[in-house]
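Here it is: the structure, laid out below.
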Amino acid sequence: MSTRARNGRDAPSARQQRGGRPGRAGGRRGDSGGGRERQPGQDLPDVPERDSLTDVPGGVRLQKVLAAAGVGSRRQCEELIAEGRVEVDGDIVRRYGARVDPEHQIIKVDGRRIPSRQDLVYLALNKPAGVLTTMSDDRGRPTISDLLPGRAERLFHVGRLDYDTEGLMLATNDGELAHRLAHPRYGVPKTYLAEVTGPLPRDLGRRLLTGIELEDGVASADKFRVVERAGSRALVEITLHEGRKHIVRRLLAAAGHPVSRLVRTHVGPVALGNLRPGATRALTTREIGDLYAAVGL
Ligand code: URA
């Protein structure tokens, strides 16, 4: 599965895009997720301590970067720094006046990277059925760019959904993150709700988890459960970490249970939740940090 830009090109990596280090985040986001509570007794990340971070000339104060990334208020961010919960390029920094480079330094809170670049945007959208997963269509059909008015030009969609599939899509201008999320090497799991033909045999889950031969090789589910049985129809939840074309529909059809409706509910750590069909929302700071972690960034 590839990530394609507006003109159908594969999304370049952030290194290619910027000629620099892998993508950082930034821009306006939803809730903070950054006021994460450390549980009593929970260890701090195992990183060396260093209070003498060299100020980056012309850099931005650390607490300002944290606050701008949605971690919390400046005051809360100062507390996080003083508590030793903030890392810059792998070192804990307790001095909250430290000046850092949010464009190039990797900043983490409680071990989770924060989106520190202000020019990067991270969105979730609920693709309705009957919308193409492209940014433009020369035949004038509805595309996901219609769901991103004024923004589509700059964004990559992460992976694809079929024309008839609904649900969670991610869109971002963080090329490296988009590239990795869509790359099979990182095996990011995706979860779907599928309405299928029933009744379902008892061994269906075992067969799906074991693997079923398709025309282009074996496919298997990572997780499977029956959500609801209703006579000749059933609702199932299935998780896979691969992205071959029509993979869920083909897998369930090969198992004898063709799909009549398919909704993607999760991409890695991000859930569709109650986002309305056609609506978009900014990812939270926590979700972005979890996405980075899911692909080793
Ligand atoms: N699998 C499918 O069959 N269709 C999708 O849109 C996504 C996964």
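FYI, it's all coordinate maths here, none of it is from the lab. Here the structure is a predicted model, which means the values were calculated and not measured. FYI the Cβ positions are ideal-geometry reconstructions off the backbone, even for glycines, and counts take in every protein chain you see.
Could you look through region 81-116, keep only residues that are in a loop (DSSP other than H, G, I, E, B) and under 17 Å from the mean Cα position of the chain (by Cα), and pick out the one that is nearest to LEU170 (Cα to Cα)?
Here the residue is PRO115.
Quick one: which residue in ALA221, ALA282 is of a type in the set (A, V, I, L, M, F, W, C) and away from the ligand (no atom under 16 Å from the Cβ)?
Numbers: ALA221 fails: away from the ligand (no atom under 16 Å from the Cβ).
One residue alone meets the criteria, ALA282.
Considering only residues of region 239-260 that are under 21 Å from GLY159 (Cβ atoms) and among the hydrophobic types (A, V, I, L, M, F, W, C), which is surrounded by the most Cβ atoms within 10 Å (Cβ to Cβ)?
Restricting to residues being under 21 Å from GLY159 (Cβ atoms) and among the hydrophobic types (A, V, I, L, M, F, W, C), the top hit is LEU251.
Would you point out which residue out of GLY70, GLY59, GLY159 is touching a strand residue (DSSP E or B) at 6+ places or on another chain (Cβ under 8 Å), within 26 Å of ASN274 (Cβ to Cβ) and small (Gly, Ala, Ser)?
Details: GLY70 fails: touching a strand residue (DSSP E or B) at 6+ places or on another chain (Cβ under 8 Å); GLY59 fails: within 26 Å of ASN274 (Cβ to Cβ).
Matching residue, one of GLY70, GLY59, GLY159: GLY159.
Of the conditions (1) without any contact (Cβ under 8 Å) to a residue 24 or more places away in the chain; (2) farther than 28 Å from GLY278 by Cα, ILE212 satisfies every one except a single condition; which number is it?
Going through the list (1) without any contact (Cβ under 8 Å) to a residue 24 or more places away in the chain; (2) farther than 28 Å from GLY278 by Cα, ILE212 breaks only (1).
A further question on this structure: Find the residue count for region 261-273, including only residues that are surrounded by fewer than 18 Cβ atoms within 10 Å (Cβ to Cβ) and under 23 Å from TYR292 (Cα atoms).
Going through region 261-273 one residue at a time, the tally reaches 4.
Please work out which one of (1) closer than 19 Å to ASN126 by Cα; (2) buried (at least 18 other Cβ atoms within 10 Å of the Cβ) is the condition VAL236 fails and give its number.
Tallying (1) closer than 19 Å to ASN126 by Cα; (2) buried (at least 18 other Cβ atoms within 10 Å of the Cβ), VAL236 fails exactly one: (1).
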